[in-house]
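First comes the structure, then the notes that go with it.
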Amino acid sequence: MKTVFIHTNNKQHIGAVLGKFSIERKLPTGSDITVRIINVDNLPAFESFAGKTYLRGGKEVVYDPLDLQSFTLSRFMPPEEMGFAGRAIVIDPDIFATGDITPLMNMDMEGRAIAACKKGDSWQSSSMLMDCSKLTHLKISELLRKLEEKKLDYTDIMSLKKETSIKEIPSIWNSLDTLTPETKLLHTTNRLTQPWRTGLPIDFTRSPMPKIFGIIPREPLHKLLGKYPTKYLPHPSKEIEKFFFTLVSDAMKAGVLTNEKIQIEIDQGHVRKDIFEKIKKI
């Protein structure tokens with residue numbers, strides 16, 4: 001069994017749909033790889049977790065199901081969804097395939113349970129290959145319970161700090177806002193500049209900025225200077241913008257997206273209002 005899981009919520013659903021389309025169109029004919037979308041807004045476990053406090057970097061925070069990234073903990077659901085058998089790839093809904101994902105799925109994991117990229121000294125769980133048979137300890141109900149009981153820290157979970165069997169893979173499988181001929185999975189990781197949200201009000205929880213001299217908060221000063229945006233900004237790479245809107249156009253031509261579906265996303269405030277104009281310019 002080989003499955004790619006794209007985890008999302010309603011706010012990022014269009015990204016997940018496009019991610020699924022981008023993967024499926026690059027698979028070779030007769031591929032044994034399937035692609036599934038997991039939407040946490042439809043899962044009782046996450047509905048029950050709403051409003052619960054947990055540790056994030058040692059500080060107590062509240063789980064908000066309306067946050068842009070309310071789906072991140074579902075990165076660890078694939079092994080259980082697969083019955084702890086076979087292989088799974090899990091990616092965020094802002095990751096898009098530029099090539100065939102088969103080499104990643106069939107990669108020699110050298111006996112490891114997880115294969116992932118690194119950024120500095122930290123593992124990136126936003127794109128992972130999993131040997132589900134080696135990850136029987138990953139059960140979402142237990143994970144959420146331990147978070148609520150403050151026995152686990154969210155930051156440790158996301159950085160795979162508790163995992164001991166990980167293989168490092170090349171960054172082409174989680175290319176952070178960088179598109180090169182070698183890129184296989186493009187991750188528009190900067191939430192502030194996701195191409196489909198430009199101009200919309202910011203609706204994600206921001207990490208605190210480092211204090212000046214370790215004492216003075218930066219946020220008030222940045223707001224005063226007009227350097228603290230309240231709306232999503234354009235992506236700095238015109239090449240990535242063109243890639244994304246070409247992907248949308250191709251998905252529409254293939255019938256995966258329709259004008260009506262996109263308009264619903266616009267009306268719900270999930271997609272930029274000028275997306276049709278951007279597509280016409282491709």
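Readers should treat all values here as calculations from the given coordinates under stated rules, not as data from a laboratory. Just so we're clear, the structure is a prediction, and the values are computed from it rather than from any experiment. Cβ placement follows ideal geometry from the backbone for every residue including glycine, while neighbour counts extend to all protein chains displayed.
Annotations
- Close amide H contacts of I202 (hydrogens built in the peptide plane, cut-off under 5 Å, sequence separation of 5 or more or a different chain): K231, Y232.
- Equivalent-ellipsoid semi-axes for region 2-187 (Cα gyration tensor, √(5λ), whole Å, largest first): 26, 18, 16.
- Extension reserve of the K2-K242 stretch, reckoned as 0.36 nm per residue once the Cα distance is removed: 83.3 nm
- For region 75-85, 3J(HN,Hα) per residue [Karplus equation, 6.51 cos²θ - 1.76 cosθ + 1.60, θ = phi - 60°, Hz, x = Gly/Pro]: 4, 9, 7, x, x, 5, 5, 8, x, 6, 9
- The lysines within cross-link reach of K150, meaning a Cα-to-Cα straight distance under 29 Å and a gap of 8 or more places when in the same chain, are K11, K52, K59, K118, K119, K134, K139, K161, K162, K167, K211.
- Annotation: amide H of Q69 within the under-5 Å range of T205, sequence separation 5 or more or interchain, hydrogens built in the peptide plane.
- Within region 76-110, backbone nitrogen closer than 19 Å to the virtual label 7 Å beyond the Cα of S165 toward Cβ: 76-90, 105-110
- Length gained on full extension, K134 to D267: 43.6 nm, using 0.36 nm per residue less the C-alpha separation.
- Potential lengthening of the chain between E148 and A85 amounts to 19.9 nm, from the contour at 0.36 nm per residue minus the alpha-carbon distance.
- Vicinal HN-Hα couplings computed from phi for region 32-43 (Karplus, 6.51 cos²θ - 1.76 cosθ + 1.60; Hz; Gly/Pro x): 9, 9, 10, 10, 10, 10, 10, 10, 5, 5, 9, 10
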